[in-house]
Amino acid sequence: QYTVEVPGITIMRQSNRFFFCGHTSGKVSLRDPRSFAVEHEFDAHSGSLSDLDAHGNLLVTCGFSSRMNGLACDRFLKVYDLRMMRATTPLQVHIDPFFLRFIPTYTSRLAIISQTGQCQFCEPTGLANPADIFHVNTVGPLIMTFDVSASKQALAFGDSEGCVHLWADSPEVTFNAYSRETDFALPCMVDSLPHLDWNQDLVPLSLIPVPLTSDALLSDWPAANSAPAPRRAPPVDPEILRTMKKVGFIGYAPNPRTKLRNQVPAASVSLCGTPGHRNICAGPERFCSSGEHSAVFPGASPLPGPEPPVPEGILPGLRAGLALPHAGPVPRRPLPGLGWAGLPRRVTGTAEEQEWGWAGTWKLLDLSHLASAKPMPPHPQGSNFLRAFRTIPEASALGLILADSDEATGKVNLGRLIQSWNRFILTQLHQETQEQEGPQAYRGAGSSFGSSGDSVIGQLFSCEMENCSMCRCGKETVRVSSTLLFTLSYPESSEKPAKDYEFAQILKRSICLEQNTQAWCENCEKYQPTVQTRNIRCLPDVLVINCEVNSSKEADFWKTQAEV
């Protein structure tokens with residue numbers, strides 16, 4: 001809610017640059033569409049203002065002038081150039097104008113309507129011709145309202161008796177350029193839930209929808225009866241560190257063949273056989289979990305002993321002529337507890353992490369099998385892609401086009417390259433989907449990269465923010481923008497001992513960022529130290545975060561948090 005300085009605003013119009021407000025005193029104020037601050041003002045008519053409209057760089061108004069101690073309809077339309085912010089030659093018409101609308105089809109024609117039903121079309125920069133006057137057959141009543149459809153193919157006149165007169169240029173009229181069906185609310189889906197047998201133990205409870213809640217769950221153990229049991233990662237083999245070759249932040253080393261694949265020695269076996277705990281016995285060879293409920297995958301071997309060889313046709317997605325030196329065989333053991341995956345659980349750090357990893361691997365194998373069942377199209381040539389990629393100015397600005405010397409010497413910062421590519425591909429997909437959905441997508445105001453709601457990428461990844469700038473003089477400026485991703489910002493702390501930060505705290509600090517910078521202050525009329533605060537209005541469906549480590553301090557921060 002905004003409070004205006006002078007009351008009496010009766011007409012409002014919006015364009016990409018300004019928010020126009022027409023006053024009863026005959027003035028037209030141009031406001032910023034984000035902060036609603038007055039940027040310019042025109043004294044259009046001496047009496048009152050009846051209507052206004054803007055298109056491109058032109059603003060046209062009609063109204064009344066004070067004559068002989070009264071108000072008379074002004075037959076001169078005031079035309080203003082928004083580039084120079086000054087009035088141009090007025091346009092004289094042959095009727096008493098009361099409504100104005102631009103009809104930008106082939107040319108920027110102007111429709112001028114009087115209350116008696118006369119309609120005249122003319123160019124705002126030319127002369128009005130009396131032959132271009134048409135009459136709306138209202139049979140007595142006055143015209144009280146007038147509007148043009150979004151497709152500019154239909155005109156609607158509303159009279160004082162409640163009738164609407166529709167004019168069109170063809171029998172088949174398209175009112176909207178991109179019409180869509182009305183979305184109605186879905187009916188209640190409670191009656192369509194599947195029937196569950198109470199005596200069936202293997203029915204997954206995930207079929208029952210569970211509401212999201214932040215309260216304590218019934219399955220949570222009290223803090224006095226539970227303790228976190230994190231399993232620290234084993235140290236890297238010294239032989240791997242000795243033979244490693246680094247390219248950027250990625251290291252390559254041959255496999256010394258000292259450990260088996262997908263098998264990690266247990267860090268603790270204190271829970272094995274303890275009453276009241278789940279029986280998780282981890283030996284030096286492999287993790288082995290036993291439980292009452294288990295899900296057996298096709299081809300799984302529940303018997304102990306060596307794993308059977310995997311047939312070649314089981315993993316079609318891992319072949320395709322690609323070198324995978326680190327891709328090992330997938331464990332084919334029965335995974336306990338998967339039938340009860342629908343219950344919300346909070347696992348601090350137990351063997352369930354390994355089970356969920358295996359279950360996700362089987363999911364990926366199923367998707368690979370489905371993808372390989374269809375013939376794949378031939379891959380495009382890499383040279384064609386690079387030739388088209390070098391023509392994009394955003395790719396060069398983000399440093400995605402590498403020189404041949406950098407690739408040969410290996411001086412490429414791969415971490416920064418990955419983050420820049422993430423930002424580039426999201427922006428490009430957002431713009432491409434806007435182009436497919438229509439040219440109207442680039443005309444929206446209120447965001448830093450276009451109207452985010454007009455594309456699928458914007459609806460999924462866009463986050464609307466309020467950027468607040470506070471000067472030392474006390475002037476506060478708030479601007480609304482949108483972004484597709486955030487960059488993780490780490491706290492700078494030299495406390496001893498080191499403070500334990502939760503990831504949610506770091507993420508909130510990165511999204512709601514507060515920083516000090518030099519910015520121009522309109523009140524002080526010079527650059528001043530400004531505190532800029534960023535607040536989000538709502539979280540997107542998919543939150544994208546750039547987590548690149550750019551300095552040794554950030555790397556030490558992660559090492560410290562892992563040891564706390």
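Worth pointing out:
- Taken over region 15-64, the residue count meeting the criterion of being closer than 27 Å to ILE143 by Cβ and not in a strand (DSSP E or B) is 9.
- Restricting the first member to region 93-106 and to residues that are more than 19 Å from SER151 (Cα to Cα), and the second to residues that are among the basic types (Lys, Arg) and in a loop (DSSP other than H, G, I, E, B), the beta-carbon pairs closer than 8 Å and six or more apart or on different chains are VAL93/ARG75; HIS94/ARG75; ILE95/ARG75; ASP96/ARG75; PRO97/ARG75.
- Test: residue in region 478-487 that is modelled with pLDDT of 85 or more, aliphatic (A, V, I, L, M), in the same structural domain as PRO529 (by TED's automatic domain parsing) and under 18 Å from THR533 (Cβ atoms): yes
- Residues of region 105-122 satisfying the condition of being of a type in the set (S, T, N, Q), closer than 14 Å to CYS62 by Cβ and in a strand (DSSP E or B): GLN118, GLN120
- GLU407 modelled with pLDDT under 80 and either in contact with a helix residue (DSSP H, G or I) (Cβ under 8 Å, 6 or more places away or on another chain) or hydrophobic (A, V, I, L, M, F, W, C) (or both): no
- The criterion of being more than 31 Å from the chain's Cα centre (by Cα) and on the phi < 0 side of the Ramachandran plot holds for GLY22.
- Comparison of PHE175, PHE157, PHE121 shows that the only residue that is of a type in the set (Phe, Trp, Tyr) and outside the structural domain of TYR80 (by TED's automatic domain parsing) is PHE175.
- Residue pairs whose Cβ atoms lie under 7 Å apart, separated by 6 or more positions or on different chains, with the first residue in region 116-140 and farther than 19 Å from SER160 by Cα and the second assigned to a helix (DSSP H, G or I), are GLN120/ASP132; PHE121/ASP132; CYS122/ASP132.
- Considering region 71-92, and only residues there that are basic (Lys, Arg) and under 26 Å from MET144 (Cβ atoms), the residue that is surrounded by the most Cβ atoms within 10 Å (Cβ to Cβ) turns out to be LYS78.
- Scanning region 508-564 for residues that are assigned to a helix (DSSP H, G or I), surrounded by 13 or more Cβ atoms within 10 Å (Cβ to Cβ) and among the hydrophobic types (A, V, I, L, M, F, W, C) gives ILE511, ALA555, PHE557.
- For VAL60, the criteria (1) crowded, with 19+ Cβ neighbours inside 10 Å; (2) free of Cβ contacts under 8 Å to residues at least 40 places away in the same chain hold in every case but one, which is (2).
- Single unsatisfied condition, VAL148 versus (1) within 29 Å of LEU58 (Cα to Cα); (2) surrounded by fewer than 11 Cβ atoms within 10 Å (Cβ to Cβ): (2)
- Restricting region 105-136 to residues that are small (Gly, Ala, Ser) and either surrounded by 17 or more Cβ atoms within 10 Å (Cβ to Cβ) or within 43 Å of the chain's Cα centre (by Cα) (or both) leaves a set whose member that is farthest from ALA154 (Cα to Cα) is ALA128.
- Condition check for THR61: in the same structural domain as LEU110 (by TED's automatic domain parsing), modelled with pLDDT under 90, over 26 Å from VAL480 (Cα atoms) and among the polar types (S, T, N, Q): no
The values are calculated or read from the model by the stated rules, or taken from the named source; none is laboratory data. Bear in mind that the values here come from a model prediction, so they are computed numbers and not experimental data. Counting neighbours? That spans all protein chains shown, and the Cβs are built from the backbone with ideal geometry, glycine included.
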